[in-house]
Amino acid sequence: MIRTSRSEGAIDGSGRAGRRPPTGTGKNLIDTREKTSPGAEAGGNQPARAVLRTLTRLLSRYWTVLALVVAWAVWVRTQQLNQIVAPTPAAVFGDVLGHPGAYLPDLGWTLLNAAVGLALGMVLGVTGALLVWASPLLSGLMTPMALIMRSVPVVAMIPVIARVVGFGVTAVLTITTVVSFFPVFVMAGSGLRAAPAATRDVFAVLAATRLTRLRLLLLPYAVPAVLVGLRLTASTAVLSAMLAEYLLGTHGLGRLFAQSVTFMDPARAWGTALVATVVSVLCFIGARAAERLGTARFT
């Protein structure tokens, strides 16, 4: 007979006595395996992989911008151009990042002029489209005028508008409003006519009033079209405000660009153009996001 004690262990199936593992050893082994497992090691690299994926995504989308900057630098170096003729990308980016206070006040003025002019242009464009829908007489009057205004270049309108409304901020806002008016006017009018014929017939059978048709049927179809007009106009409003500031204004990126050219500061002038371009692209991206949200809501 084989005697065993609890401290010595138990007899296994083969009749051999084995010693029990100390308490907690299994847990320690599991913890050790978890710490040394490949999954744990991979988890530590997750932030680096996320950054790498983000950089890869940005490079795949915006590699043309990087190629343009590289071509710019190579062109300046190979042609041995003077900094007064064409500054290097390092000089331009260095001026923008090293002297943000020289750009921010004028950038604020330009954004304010563009936002107010865009808002006024959208309000007037939607109002004009509603008037054209409500009255055939106004349709015959406003549509040709809008086409004529659109056909005239903005540069040609600026002196005339300045003579009428005066110079300064008023002229800048007027020009930005005029530029923003036509796309919204056209898209809003198209949206008011976009309701399906079958749905319009249902409202006619129900003897709905014009106001009811406008509120419940036509305006929901017009909202996505108005947002398309916003996307088309958002970036143009910034550039129009900058052009008006360059010729007439006393503040803004346009005025800063004019001063930089006058005082022979090419890095500041190119930096102003760079800031205006980046802001225009960001406005376009924001307007496109608003269009997607509005379209998903009203379609």
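The values are calculated or read from the model by the stated rules, or taken from the named source; none is laboratory data. All values reported here derive from a predicted model rather than from experimental measurement. Here Cβ is always computed from backbone atoms with ideal geometry, including for glycine, and neighbour counts include all displayed protein chains. These area figures cover heavy atoms from the full protein model, side chains too; ligands, DNA and RNA do not enter into them. Shrake-Rupley method; radii C 1.70, N 1.55, O 1.52, S 1.80 Å.
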**OP:** Restrict the check to the stretch 170-178 and report whether at least one residue is open to solvent by 50 Å² or more (accessible area, probe 1.4 Å), in contact with a helix residue (DSSP H, G or I) (Cβ under 8 Å, 6 or more places away or on another chain) and of a type in the set (Ser, Thr, Tyr).
**Re:** no
Subject >> Residue check for GLY117: touching a residue at least 40 places away in the same chain (Cβ under 8 Å), in contact with a helix residue (DSSP H, G or I) (Cβ under 7 Å, 6 or more places away or on another chain) and more than 23 Å from THR272 (Cβ to Cβ) >> reply: no
Subject >> Counted residues, the stretch 179-201 - those being exposed (fewer than 12 other Cβ atoms within 10 Å of the Cβ) and part of a helix (DSSP H, G or I) >> reply: 3
**OP:** Would you check which residues across the stretch 275-298 are modelled with pLDDT of 90 or more and surrounded by 19 or more Cβ atoms within 10 Å (Cβ to Cβ) and list them?
**Re:** VAL275, ALA276, VAL279, CYS283, ALA287
Original post:
What residue, among those in the stretch 54-89 that are aromatic (Phe, Trp, Tyr) and at pLDDT below 85, is farthest from the chain's Cα centre (by Cα)?
Top reply: TRP63
Original post:
within 22 Å of the chain's Cα centre (by Cα) and farther than 20 Å from ALA114 by Cα - does that describe any residue in the stretch 224-245?
Top reply: yes
**OP:** State yes or no: is PRO220 touching a residue at least 40 places away in the same chain (Cβ under 8 Å), in a helix (DSSP H, G or I), open to solvent by 30 Å² or more (accessible area, probe 1.4 Å) and more than 30 Å from VAL169 (Cα to Cα)?
**Re:** yes
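For (1) surrounded by 10 or more Cβ atoms within 10 Å (Cβ to Cβ); (2) at pLDDT below 80; (3) at positive phi; (4) touching a strand residue (DSSP E or B) at 6+ places or on another chain (Cβ under 8 Å), each residue gets a yes or a no:
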| position | (1), (2), (3), (4) |
| --- | --- |
| PRO47 | no, yes, no, no |
| GLY101 | no, no, no, no |
| LEU107 | yes, no, no, no |
| THR127 | yes, no, no, no |
| LEU131 | yes, no, no, no |
| LEU137 | yes, yes, no, no |
| GLY140 | yes, yes, no, no |
| ILE148 | no, yes, no, no |
**OP:** Could you check, for the stretch 261-274, whether at least one of its residues is open to solvent by less than 50 Å² (accessible area, probe 1.4 Å) and of a type in the set (Lys, Arg)?
**Re:** yes
Original post:
Would it be correct to say that PHE257 is surrounded by fewer than 21 Cβ atoms within 10 Å (Cβ to Cβ), within 20 Å of TRP109 (Cα to Cα) and at pLDDT 90 or above?
Top reply: no
**OP:** Hey, could you check the stretch 102-144 for residues that are part of a helix (DSSP H, G or I) and polar (S, T, N, Q) and say which is farthest from ALA171 (Cα to Cα)?
**Re:** SER139
